[in-house]
Amino acid sequence: WKLVHYQQQNGLTMRRIKIVLTYPTADVPVNNQHFMNGYIFNSFGKDCPFHDTFSPYNISSLQNGTLKDDKKTLEFKNGNPYFYVSGDDSFIEFAINAFETSNASVFGMKFDSIDVFDDFIVNKYFDKIITISPIIVKTKEGRKITFKHGEWLNLLTQNCESKLKHLNIVDPTFKLEILNPHKAKEKCIWVGDIFNPSSNVRLKVYGKPKTRETLYNMGLGGSTGSGFGSIKIYQ
């Protein structure tokens, strides 16, 4: 599972992978992010060089689950559970090795396989994106707000610009717009004892193609290494 192997086989610059898990042997609660974070932390190990530092990567929430009749747990009728991991080459190679060699499990789910994706295929001038993991936005005072708050879009824009600046990317054409606000939804997620009001939204993203591609791989908003801020492009 070395990065160079994928590059040789696929001619890709690694940016995004799908970590496929085995089927669970225990009930998976709807509010499972705290447990998924534990699984990822155990897989990466205590000496992970990416902990507690700025790193351009994103880990999505658990995907492919649907609500059971009890409305409290998930089932996986459409195939294996999985989550996305995206970032720069050094992080992707680290993540591949970590998950492939780990014995960690969560709800009986263990590492099964890795699917490889090409870079985000961005459009020429702008993209329409939709969240696959909700976006966390904080005020300067540290309060978490949703898209219903008047400052939300401006603060999200500032957050994105700050992330890009870490990578020496300054793009005066970068801009965000909310699309179909009537379809946006608030999502309230507990991670341990921390309450996280967040937003599932559609956005229109302007900027240079490299700006947008880089941003999507880092994730939008806060806690992008802990199951928030993952997106996909749609037409």
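The values are calculated or read from the model by the stated rules, or taken from the named source; none is laboratory data. Nothing here was measured: the structure is a model prediction, and the numbers come from that model. Here Cβ is always computed from backbone atoms with ideal geometry, including for glycine, and neighbour counts include all displayed protein chains. Side chains included, ligands, DNA and RNA excluded: accessible areas come from the protein's heavy atoms. Shrake-Rupley method; radii C 1.70, N 1.55, O 1.52, S 1.80 Å.
Output the residues belonging to region 144-187 that are in a strand (DSSP E or B) and not basic (Lys, Arg). So that I can check it myself, show each step before the final result.
Initial filter on region 144-187 (in a strand (DSSP E or B)): 144-145, 175-179, 185-187.
Of everything in region 144-187, those that are in a strand (DSSP E or B) and not basic (Lys, Arg) turn out to be 145, 176, 177, 178, 179, 186.
For region 207-235, how many residues meet the condition of being open to solvent by less than 20 Å² (accessible area, probe 1.4 Å), without any contact (Cβ under 8 Å) to a residue 60 or more places away in the chain and not hydroxyl-bearing (Ser, Thr, Tyr)?
1
Give 139, 101 a once-over and let me know the one that is over 18 Å from the mean Cα position of the chain (by Cα) and within 30 Å of residue 28 (Cβ to Cβ).
On the way: 139 fails: within 30 Å of residue 28 (Cβ to Cβ).
When all the criteria are applied, what remains is 101.
Can you list residue pairs whose Cβ atoms sit under 8 Å apart, with the first residue in region 22-37 being within 19 Å of residue 113 (Cα to Cα) and the second being open to solvent by 60 Å² or more (accessible area, probe 1.4 Å)? Count only pairs 6 or more apart in sequence or on different chains.
Matching pairs, first to second residue: 22/110; 22/112.
For region 119-143, give me each residue that is part of a loop (DSSP other than H, G, I, E, B) and open to solvent by 30 Å² or more (accessible area, probe 1.4 Å). Step through it out loud before you land on a result.
As a first pass, look at region 119-143 and keep what is part of a loop (DSSP other than H, G, I, E, B): 119-125, 132-134, 139-143.
The answer is 119, 121, 122, 123, 124, 125, 132, 140, 141, 142, 143.
Can you confirm whether region 152-162 contains a residue that is open to solvent by less than 70 Å² (accessible area, probe 1.4 Å), charged (D, E, K, R) and under 25 Å from residue 234 (Cα atoms)? Before the answer, list the steps.
Taking region 152-162 as the starting set, the residues that turn out to be open to solvent by less than 70 Å² (accessible area, probe 1.4 Å) are 152-153, 155-157, 159-160, 162.
When the remaining residues are screened for being charged (D, E, K, R), the result is none.
No, region 152-162 contains no residue that is open to solvent by less than 70 Å² (accessible area, probe 1.4 Å), charged (D, E, K, R) and under 25 Å from residue 234 (Cα atoms).
Checking the conditions here, which among 229, 222 is in contact with a strand residue (DSSP E or B) (Cβ under 8 Å, 6 or more places away or on another chain), on the phi < 0 side of the Ramachandran plot and not polar (S, T, N, Q)?
Numbers: 229 fails: on the phi < 0 side of the Ramachandran plot.
Residue meeting the stated conditions: 222.
Go over the candidates 64, 80, 32 one by one and state the one that is surrounded by fewer than 19 Cβ atoms within 10 Å (Cβ to Cβ), modelled with pLDDT of 95 or more and touching a Ser or Thr at 6+ places or on another chain (Cβ under 9 Å).
Values: 64 fails: touching a Ser or Thr at 6+ places or on another chain (Cβ under 9 Å); 32 fails: surrounded by fewer than 19 Cβ atoms within 10 Å (Cβ to Cβ).
Testing whether each residue is surrounded by fewer than 19 Cβ atoms within 10 Å (Cβ to Cβ), modelled with pLDDT of 95 or more and touching a Ser or Thr at 6+ places or on another chain (Cβ under 9 Å) leaves just 80.
If we scan region 204-221, do we find a residue that is of a type in the set (Asp, Glu) and at pLDDT 95 or above? Reasoning before the result, please.
Of all residues in region 204-221, those of a type in the set (Asp, Glu) come to 213.
So of that shortlist, the ones also at pLDDT 95 or above come out as none.
Checked against the condition, which is being of a type in the set (Asp, Glu) and at pLDDT 95 or above, region 204-221 yields no hits at all.
Residue under question is residue 148, and the condition is that it be surrounded by fewer than 16 Cβ atoms within 10 Å (Cβ to Cβ) and modelled with pLDDT of 95 or more; does it hold?
Values: surrounded by fewer than 16 Cβ atoms within 10 Å (Cβ to Cβ): yes; modelled with pLDDT of 95 or more: yes.
Spelling it out, residue 148 is indeed surrounded by fewer than 16 Cβ atoms within 10 Å (Cβ to Cβ) and modelled with pLDDT of 95 or more.
For region 87-118, enumerate the residues that are open to solvent by 60 Å² or more (accessible area, probe 1.4 Å) and closer than 18 Å to residue 50 by Cβ. Spell out the reasoning first.
Looking only at region 87-118, we keep the residues that are open to solvent by 60 Å² or more (accessible area, probe 1.4 Å), and these are 90, 93, 100-101, 103, 105, 110, 112, 115, 117-118.
If the condition is that a residue be open to solvent by 60 Å² or more (accessible area, probe 1.4 Å) and closer than 18 Å to residue 50 by Cβ, then 90, 93, 100, 101 are the ones that fit.
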